[in-house]
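The values are calculated or read from the model by the stated rules, or taken from the named source; none is laboratory data. This is a predicted model, so every value here is computed, not measured. Virtual Cβ from ideal backbone geometry, glycine too; neighbours counted across all protein chains shown. Surface accessibility is based on the protein's heavy atoms, side chains included, excluding ligands, DNA and RNA. Shrake-Rupley method; radii C 1.70, N 1.55, O 1.52, S 1.80 Å.
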Amino acid sequence: MKIAFFADPLSNFKIHKDSTYAMMVEAAKRGHAIYAFEQKDMALEGDAIVANSTRIHLTGDPQNWYRAEASTAQSLNKFDAVIHRKDPPVDMEYVYATYLLEFAELQGARVFNKPTAIRNHNEKLAIGQFPQFTAPTLVAKDEERLRFFQKTHKDIILKPLDGMGGAGVFRIKEDGLNLGSIIETLGQNGTRTLMAQRYIPEIASGDKRILLIGGKVVPFALARIPQAGEVRGNLAAGGTGIAQPLSTHDQKIAENLAPILAQRGLLLVGLDVIGDYLTEINVTSPTCFQEIFQQTGFNVAAMFIDAIEKDLTK
């Protein structure tokens, strides 16, 4: 098969922990041809969605990990699969990319995750569809509502709706110290919608990343433990990842959501769970493949490529 990865620049990959790299390794091991392109490489030309795509060959050298052929313009429907792995922020440029990929689907391209599904599932807001699994949550611009939420729940988390890696996440305790300033700064003086959630003390035991692939649940989660003085467990914020089997409640959340999200066109999903509460549904470029594999031996990338191959036979 020819598999194209829509991703950020390959030069930025940290291959010792990058999940996209793990996918590429597994696909290449099976004899599939690997291509890569960035958002700047895509275009609508006439009636076709094309991308300047580069075939890459993996070298096994950690320093120079791939060899690239000359890029060529190819219609995306000429690939067997296009795997969407571009990181947030989900700004308008990101949204434009989903429109182009959606047009490519109309021309016969197979895109994973489906661009419409990515667009319809904001990674913070999507938990509102599953309130039975969430802690008390408020999404609002209005400062009065945000202040009342903090007064009611005393210890809360505030965050923007378009961040990643823990960027812009603040904890406000019972004294409300700097609440007004944080709301003004994060909310850009009332022009930006924010999410407030009741603080979940179990964050001390980790922000668990639970992966769903093709409607099935990966049996291990990666608990991302915050470093001292932090409330964010994200690996990008310095958290330590510890792989562990899913708890009974983790399994319940995952098994409830897996078939629903798969039916919507989300082949790969990363649920974030703190304690017993669902906090985010990641659909853009979920990670933690390598950490789980390295610590447990469970090959998440193989499960992912299996799901791609199975889907393409439908």
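Which ones in region 58-67 are surrounded by 12 or more Cβ atoms within 10 Å (Cβ to Cβ) and assigned to a strand (DSSP E or B)?
Filtering region 58-67 for residues surrounded by 12 or more Cβ atoms within 10 Å (Cβ to Cβ) gives 58, 65-66.
L58, Y66, listed by residue number.
Looking for something without any contact (Cβ under 8 Å) to a residue 12 or more places away in the chain and not in a strand (DSSP E or B) - is there at least one such residue anywhere in region 69-89?
No, region 69-89 contains no residue that is without any contact (Cβ under 8 Å) to a residue 12 or more places away in the chain and not in a strand (DSSP E or B).
Among the helices (runs of 4 or more DSSP H) lying completely within region 92-188, list those that include at least 2 residues that are open to solvent by less than 60 Å² (accessible area, probe 1.4 Å) and touching a residue at least 60 places away in the same chain (Cβ under 8 Å). Spell out how you get there, then give the answer.
Values: elements: 92-106, 115-120, 143-153, 179-186.
By residue number, 92-106, 115-120.
Kindly check whether there is at least one residue in region 35-51 that is open to solvent by 40 Å² or more (accessible area, probe 1.4 Å), under 15 Å from D8 (Cα atoms) and touching a residue at least 12 places away in the same chain (Cβ under 8 Å).
To start, the set of residues in region 35-51 that are open to solvent by 40 Å² or more (accessible area, probe 1.4 Å) comprises 38-40, 44-47.
With under 15 Å from D8 (Cα atoms) added as a condition, the list becomes 38-40.
Remaining after also requiring touching a residue at least 12 places away in the same chain (Cβ under 8 Å): 38-39.
Yes, there is a match, as at least one residue in region 35-51 is open to solvent by 40 Å² or more (accessible area, probe 1.4 Å), under 15 Å from D8 (Cα atoms) and touching a residue at least 12 places away in the same chain (Cβ under 8 Å).
In region 23-63, what residues are in contact with a Ser or Thr (Cβ under 8 Å, 6 or more places away or on another chain), of a type in the set (A, V, I, L, M, F, W, C) and under 16 Å from I83 (Cα atoms)? Write out each step before concluding.
So in region 23-63, the residues in contact with a Ser or Thr (Cβ under 8 Å, 6 or more places away or on another chain) come out as 35-37, 41, 48-50, 52-54.
Narrowing the set further to residues that are of a type in the set (A, V, I, L, M, F, W, C) leaves 36-37, 48-50.
Result: A36, F37, I49, V50.
Just to be sure, is R209 of a type outside the set (G, A, S), in a loop (DSSP other than H, G, I, E, B) and under 22 Å from the mean Cα position of the chain (by Cα)?
Details: of a type outside the set (G, A, S): yes; in a loop (DSSP other than H, G, I, E, B): no; under 22 Å from the mean Cα position of the chain (by Cα): yes.
So R209 does not fit the description; no.
Pick out the one residue from F5, F13 that is surrounded by fewer than 19 Cβ atoms within 10 Å (Cβ to Cβ) and aromatic (F, W, Y). Explain how you work it out, then say what you get.
Values: F5 fails: surrounded by fewer than 19 Cβ atoms within 10 Å (Cβ to Cβ).
Among F5, F13, only F13 is surrounded by fewer than 19 Cβ atoms within 10 Å (Cβ to Cβ) and aromatic (F, W, Y).
If I filter region 288-314 down to residues being of a type outside the set (V, I, T) and not in a helix (DSSP H, G or I), which single residue comes out as surrounded by the fewest Cβ atoms within 10 Å (Cβ to Cβ)?
From region 288-314, those of a type outside the set (V, I, T) are 288-291, 293-295, 297-299, 301-304, 306-307, 309-312, 314; that's our starting set.
Imposing the further condition that a residue be not in a helix (DSSP H, G or I) reduces the set to 288, 297-299, 314.
On the way: C288: 25, G297: 9, F298: 14, N299: 15, K314: 5.
That would be K314.
Check I3 against each of (1) outside any helix (DSSP H, G or I); (2) within 13 Å of W65 (Cα to Cα); (3) touching a residue at least 60 places away in the same chain (Cβ under 8 Å) and name the one condition it does not meet.
So the condition that I3 fails would be (2).
Against the condition open to solvent by 20 Å² or more (accessible area, probe 1.4 Å), free of Cβ contacts under 8 Å to residues at least 12 places away in the same chain and β-branched (V, I, T), how does T54 come out, does it pass? Talk me through it step by step, then tell me what you get.
Working: open to solvent by 20 Å² or more (accessible area, probe 1.4 Å): yes; free of Cβ contacts under 8 Å to residues at least 12 places away in the same chain: no; β-branched (V, I, T): yes.
Here the answer is no, as T54 does not meet what is asked.
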